[in-house]
Amino acid sequence: MTATSKPVEHITIVGGGTAGWLAANLLSNFFGTGKDQGVKRHITLIESPNIATVGVGEATVPAMPRMLRQTGISEREFFKATNASFKLGVKFGNWNHDANGKPIDYINPFIGSRDIDGIPMEHYFHALGAKGLNYVQSISATHELGEMCKGPRALGKKEFDKGTSPYAYHLDAGKFAGMLQKVCVARGVTHLRDDVVDVELDDKGFVAALQLKENGRFPVQLVIDCTGFRGLIINQALKEPFVDYQKYLANDRALAVQIPHPDKEKLLPLTCSTALGAGWVWRVPLWNRIGTGYVFSSAHRTDEQARDELMAHLGDGAKGLEPRVIPMRIGRTRKSWVKNCVAIGLSAGFIEPLESTAIHMTEMAIRWLLTYFPDQEFSAPKRDRYNKLANNLYDEVRDFICIHYAMGNRTDDPYWIDAREGLEVPDSLAENLELWKYNLPAEADVGQFNLFSPGTYRAVLFGKKVYENGYGGGRVSSGIALDPDKWDTYLENLRKTVRVITRDMADHRTLLAELRGELRPAAQPWALTGGQAPTVQVPGAAKMPRFKVPDFVTGDADNAIL
């Protein structure tokens, strides 16, 4: 801020839901609603009483715990208020078929792989195999924790304890927004329930005021557009164009429904994505129910056809229920920050929720706004850097979603053939896909990333078993000598670690009950970890050894040669 410029003292957020209240939460936490370095800032959130939020996103990525912790929200209160559960990754089903036509299932885990003397372990896995283990089993305990319905930590741990691996959450989006609303109002954020009926621009094209149905003219300095797919301010009033991603991604509609748990005692710590005929079904297990739905292409299924396909997939668990139809605008606004308006959430853009990125993208948008927060001059360099970061993130997510379709091999429906052969592949991804026929994804291939590392791409390629099914024609080679003995030692020690982890980690539902304050005192220790009651204690029996990582094994990307 220069000596003559004026600070932004009033921040106006238009739209509630997750995006609006998440913006209010982060801004009120880091700025406060009192004086900040002599500047008194006031935040107002204007929420229509007549427009429902989309509220589909119920899964998150591992950055979410940091946001709660930094903004002073208790993890225990969060679990109770939002009926949340833990998430250790995404389980994909039926996206690819093996040589016999059998569907391939795999997990994209949050935990990364390790290097062996600077060589990514995937080179060993690709060249030598893993003695019958799948890729995820060769890097972590995620596969076993999922099968056993266990959480990421033992009982009695402190809030936000990372336990064995990074984790995210499944949550009720509506309840999450409601929780954030209470937090923000308690901090001093003003909440207006009113409709914006007009947007007033000044002679320079900046937003000068909002015309509210009940409260009349409302002057603004900085306005944050969280009005969803409508883009009420950024697209409609400021006429900023929308960049459509339909040439890359075909899915443009969703059906959403909530169903009961088929087995209330077993709570999967994974989001599930199961491919159907013209898209995929998400399955998000919460404490009290399952959120599910069908993301599909309207060019390949009518709403009625998609509904029938979804209900047949869900079976008796969805009997008598009616899914809600949600049109999706896939792509991004060309510039999220225009003049004195910043679009955040669905108004800024949306990419189908295959990797649960929507809430994280909203959070990053707000963090970047905090980093490049303007004064009333609204300098172009700050806007330009913000827009560059925002656009790069959308393109990063777009590329990673596209690889799931580009590397598919199903031929049982025209949708899957079109998704693989009819859609364009972004140049940034197409170049890598050609390279990865000869070389496994390396650090330099993806450049600076926010979410999807080279290891994440390797997890998808190995999960889909593309190299086993002919991708690259067997030409992948690093030219580096591999030591089979080190690989055997690595696998042996890893499996010891997995046995310890699966023994010590708590049953997922029991862990949630503890966090919610609902754990019965009479529960026995072996029940709390999901194990069996002991019969006879053998005198002098050895305990399971704790795993010490061999000296030649290092963390993800540490001292990596490749």
inquiry  = I'd like to compare 136-145, 121-130: which one has the highest average count of other Cβ atoms within 10 Å, and what's the full order after that?
reply    = 136-145, 121-130
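What does the charge count around residue 274 come to, taking other residues whose C-beta lies under 12 Å from its C-beta (Lys +1, Arg +1, Asp -1, Glu -1)? Intermediate values should be presented prior to the final figure.
Values: positive: 91, 283; negative: 105, 309.
With Lys, Arg at +1 and Asp, Glu at -1, the net is 0.
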inquiry  = Using alpha carbons only, how many angstrom separate the centre of segment 473-508 from the centre of segment 165-220?
reply    = 49 Å
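Once fully extended, how much extra length lies between residue 213 and residue 299, figured as 0.36 nm per residue of separation less the alpha-carbon to alpha-carbon distance?
In short, 27.1 nm is gained.
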In sequence order, calculated HN-Hα J values of segment 294-311 (Karplus, 6.51, -1.76, 1.60; Hz; x Gly/Pro) = 10, 9, 8, 9, 5, 6, 10, 9, 6, 4, 5, 5, 5, 4, 4, 5, 5, 5
ask   = Against the longest principal axis of the chain, how steep is helix 173-187, in degrees 0 to 90 to the nearest 10, with axes from Cα atoms?
value = 50 degrees
task = Can you tell me which of 212-224, 76-88, 360-372 comes out highest on packing, and rank the rest after it, using the mean Cβ neighbours within 10 Å?
result = 76-88, 360-372, 212-224
ask   = Using modelled amide H (1.01 Å from N, peptide plane; none on Pro or chain starts), what sits under 5 Å from the amide H of residue 8, excluding residues fewer than 5 places away?
value = 376
task = For every helix of n ≥ 4 consecutive DSSP H residues, a contribution of -39,500 (n - 2.57) applies; sum these over the chain, divide by its total residues, and give [θ] at 222 nm rounded to the nearest 500 deg cm²/dmol.
result = -9500 deg cm²/dmol
query = What is the packing order of peptides 259-272, 500-513, taking the mean over residues of other C-beta atoms within 10 Å and listing the highest first?
reply = 500-513, 259-272
task = Among the listed pairs 175/247; 87/157; 87/388; 150/465, give every one whose C-alpha distance is greater than 28 Å.
result = 175/247; 87/388
query = Which net charge results for the neighbourhood of residue 376, defined as the other residues with beta-carbon distances under 15 angstrom from its beta-carbon, given Lys and Arg at +1 and Asp and Glu at -1?
reply = +3
task = Could you tell me how many degrees, from 0 to 90 and to the nearest 10, lie between the Cα long axis of helix 454-463 and the main elongation axis, the longest principal axis, of the Cα atoms of the chain?
result = 60 degrees
key: ³J(HN,Hα) computed for each position of segment 83-92 - Karplus, 6.51 cos²θ - 1.76 cosθ + 1.60, integer Hz, glycine/proline x   = 6, 6, 9, 8, 9, 9, x, 10, 9, 9
request  = Report ³J(HN,Hα) in whole Hz for each residue of segment 387-398, in order, from the Karplus equation J = 6.51 cos²θ - 1.76 cosθ + 1.60 where θ = phi - 60°; Gly and Pro get x.
outcome  = 5, 4, 5, 5, 5, 4, 5, 4, 5, 4, 5, 4
query = Using modelled backbone amide H atoms (1.01 Å from N, in-plane), which distant-in-sequence or interchain residues come within less than 5 Å of residue 201's amide H?
reply = 208
inquiry  = Within segment 221-241, name every residue whose backbone N is under 11 Å away from a label modeled 7 Å from Cα of residue 202 along the Cβ vector.
reply    = 221-222
remark   = Between residue 480 and residue 161, the two model label points (7 Å from Cα along the beta-carbon direction) sit apart by a distance in nm of 3.6 nm
note = Cα-based Rg and Dmax for the chain, in Å, come out at 24.8, 86
request  = Starting from the Cα of residue 69, move 7 Å in the Cα-to-Cβ direction to define the label point; list residues of segment 148-172 whose amide nitrogen is under 12 Å from there.
outcome  = 158-163, 166-167
ask   = So if we plug the beta-carbon distance of residue 247 and residue 520 into 1/(1 + (r/R0)^6) with R0 = 51 Å, what FRET efficiency do we get, rounded to 0.05?
value = 0.40
inquiry  = Please list, ordered by chain and number, the residues whose modelled amide H lies under 5 Å from the amide H of residue 114; skip anything fewer than 5 residues away on the same chain.
reply    = 121
note = Taking the alpha-carbon centre of each part, the distance from segment 258-281 to segment 404-461 in Å is 25 Å
query = What is the distance in Å between the Cα centres of segment 350-399 and segment 304-333?
reply = 30 Å
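Here, each number is a calculation from the coordinates, and none is a lab measurement. Since we're looking at a predicted model, the values are computed, not measured. With ideal geometry, Cβ positions are generated from the backbone for all residues, glycine too; neighbour counts draw on all protein chains shown.
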